[in-house]
Amino acid sequence: DIEIRELFRNREEYAGKEIVVRGWVRGNRASNQFGFISLNDGTFFTPLQVVYEASKIDNYEEISKVHLAAGVMVKGVLELTPGAQQPFELKATEVTVEADSLSDYPLQKKRHTMEYLREIAHLRPRSNTFSAVFRVRSIVAYAIHKFFQERDYVYVHAPIITGSDAEGAGEMFRVTTLDLSNPPTNEDGSIDYSQDFFGKETNLTVSGQLEGEAMALAFRNIYTFGPTFRAENSNTARHASEFWMIEPEIAFADLADDMDVAEDMVKYIISYTLEHAPEEMEFFNKFVDKGLLDRLHHIVNSDFERVTYTEAVEILKKADKDFQFPVEWGIDLQTEHERYLTEEVFKKPIFVIDYPKEIKAFYMRLNDDGKTVAACDLLVPGVGEIIGGSQREERLDILEARMDEIGMNRELYDWYVDLRRYGGVKHAGYGLGFERMIMYLTGMSNIRDVVPFPRTPKNAEF
Ligand code: 4AD
Ligand code: MG
């Protein structure tokens, strides 16, 4: 049989010929004499229109009653219909039901709320919206690999189970095989993890960066692309407990080089997706976020803004706006501040750089002012932060002093510090939140709707 994508791509080749297609019924309506099935086989966003007639197929009665979602085989002749709403239709000579569906199919032909669709996560990929989102997800993943591979970056698989907390935020999922209802304990009553599976405390990774740095200092340019886990108890539309992150790490690079790569990558992803998922992107533009396509085209053709944290704080202080969270130098920028900057002031993606060291991770390079670090966050309209990055502290004494200052367990990170002892040249990198990128590209407003089976606090149902 032939896939529907192929029919749409090379329709001329099949015009007038008898072909066989297999797919699922997305719509079915019939009169006494003829009926229409809207057929989707999953390979293409737009369904194929099938026309069947009582005089041409012998099971007309049966087919006219076939339920939504039934799997069918259709043999027929492809007829081009220029000028009509559909570019062609399939005139059936034979229709067979391969798997019927019950009449109470939860995805009836009407608009459902996103909340309802989340409750049927196993069926929602069949809806228009999710069919578009999840195909774009796949295309974007490929575009990211393509971007880095074309530039000869080495793809690194960072471990999923680690003994470290790369971000130092303590938001980790513990990995253990101990019987926690009766664990072995130390003299002071605390759990004795030396008896655990790995002989120490372990957790799911929050970031592959530290391992990525080790690899970059061997291969120069590397990237990771894998799942990361955070036990943040923030129930927002932008936080997931399990999400995918892309973390390039570049040796001999400083913060400006780092941002150049990030900006090129974001533009590449947008261009690639516009080119390779035109039907899906058109759908988002029409039904999810009006003006999306204009905005994306504009972004590809303009430079991102770069402002320092200190400048950003000045702008926010002068803003004629009642922020819920008051602005002063030293605060972590909140979503409301990020949105104001990107949506009302700059109206485009902006890099905010040089944050106070107190609100950033231990590995970021201390600037000459002694107060800020060489960090960069990329903020975009509608979503907020999609990238967090920095130049890394390559100076052994300053790194060690910082680790002591915030009371880190030096033994745990000895291998990381070691990298500074043996050819630890300047280097920089960043992390792109894959789901946030998908939200930005599609206009979808909740992270739960860009992951097939999302994990968020109190939700791991599917
Ligand atoms: O800013 P973050 O925490 O940076 C890091 O993890 C660094 N190690 C990256 C690096 O320099 N190699 O996270 C990076 C990005 C964020 O900008 C955001 O897009 C995404 O990861 N992110 C999340 N996405 C979904 N749900 C969450 N809970 C997220 N936390 C971070
Ligand atoms: Mg961040």
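General observations
- Among the candidates Glu275, Glu280, the residue that is more than 9 Å from ligand 1 (Cβ to nearest atom), in a helix (DSSP H, G or I) and crowded, with 22+ Cβ neighbours inside 10 Å is uniquely Glu280.
- Out of Ser55, Ser64, Ser103, one residue alone is more than 32 Å from the chain's Cα centre (by Cα) and closer than 30 Å to Pro454 by Cα. It is Ser103.
- For Arg395, the stated conditions hold: it is touching a residue at least 24 places away in the same chain (Cβ under 8 Å), more than 13 Å from ligand 1 (Cβ to nearest atom) and either in contact with a Gly (Cβ under 8 Å, 6 or more places away or on another chain) or open to solvent by 10 Å² or more (accessible area, probe 1.4 Å) (or both).
- Looking across region 193-223, the residues that are within 16 Å of ligand 2 (Cβ to nearest atom) and within 19 Å of the chain's Cα centre (by Cα) come down to Thr205, Val206, Ser207, Gly208, Gln209.
- Pairs are defined by a Cβ separation below 6 Å, a sequence spacing of at least 6 or placement on different chains, a first member in region 304-333 that is at pLDDT 95 or above, and a second member that is in a loop (DSSP other than H, G, I, E, B) and open to solvent by 80 Å² or more (accessible area, probe 1.4 Å); the pairs so defined are Val313/Trp329.
- Screening Ala216 against (1) modelled with pLDDT of 95 or more; (2) near ligand 1 (Cβ under 10 Å from one of its atoms) leaves a single unmet condition, (2).
- Within region 100-159, tally of residues that are open to solvent by 40 Å² or more (accessible area, probe 1.4 Å) and of a type in the set (A, V, I, L, M): 3
- Counting the residues of region 189-211 that are open to solvent by less than 20 Å² (accessible area, probe 1.4 Å) and farther than 19 Å from Arg436 by Cβ gives 4.
- Within region 345-358, the set of residues being open to solvent by 10 Å² or more (accessible area, probe 1.4 Å) and within 25 Å of the chain's Cα centre (by Cα) comprises Phe346, Lys347, Lys348, Ile353.
- Only residues that are open to solvent by less than 10 Å² (accessible area, probe 1.4 Å) and away from ligand 1 (no atom under 16 Å from the Cβ) were counted across region 404-417, and they come to 1.
- Within region 219-258, the set of residues being open to solvent by 40 Å² or more (accessible area, probe 1.4 Å) and more than 8 Å from ligand 1 (Cβ to nearest atom) comprises Phe219, Arg220, Ala231, Asn233, Asn235, Thr236, Glu242, Trp244, Phe252, Asp254, Ala256, Asp257.
- Here the condition is being among the aromatic types (Phe, Trp, Tyr), farther than 30 Å from Glu150 by Cα and touching a residue at least 24 places away in the same chain (Cβ under 8 Å); of Phe225, Phe229, Phe198, it holds for Phe198 alone.
- Restricting region 1-58 to residues that are open to solvent by less than 20 Å² (accessible area, probe 1.4 Å) and in a loop (DSSP other than H, G, I, E, B) leaves a set whose member that is farthest from Leu90 (Cα to Cα) is Phe44.
- Residue match in region 418-440 (condition: modelled with pLDDT of 95 or more, open to solvent by less than 20 Å² (accessible area, probe 1.4 Å), within 11 Å of ligand 1 (Cβ to nearest atom) and in a loop (DSSP other than H, G, I, E, B)): no
- Among the residues examined, Leu296 qualifies as out of contact with any Lys or Arg (no Cβ under 7 Å at 6 or more places or on another chain), within 19 Å of Ala262 (Cβ to Cβ) and among the hydrophobic types (A, V, I, L, M, F, W, C).
- Residue count for region 159-195 under the criterion of being free of Cβ contacts under 8 Å to residues at least 12 places away in the same chain and hydroxyl-bearing (Ser, Thr, Tyr): the result is 4.
- Residues of region 165-188 satisfying the condition of being in contact with a Ser or Thr (Cβ under 7 Å, 6 or more places away or on another chain) and either open to solvent by 80 Å² or more (accessible area, probe 1.4 Å) or in a loop (DSSP other than H, G, I, E, B) (or both): Ala166, Glu167
- Boolean, Val373 is free of Cβ contacts under 8 Å to residues at least 40 places away in the same chain, open to solvent by less than 40 Å² (accessible area, probe 1.4 Å) and assigned to a strand (DSSP E or B): yes
The values are calculated or read from the model by the stated rules, or taken from the named source; none is laboratory data. None of these values were measured; they are calculated from a predicted model. Cβ: placed from backbone, ideal geometry, glycine included. Neighbour counts: every protein chain shown. SASA here: full protein model, heavy atoms, side chains in, ligands and nucleic acids out. Shrake-Rupley method; radii C 1.70, N 1.55, O 1.52, S 1.80 Å.
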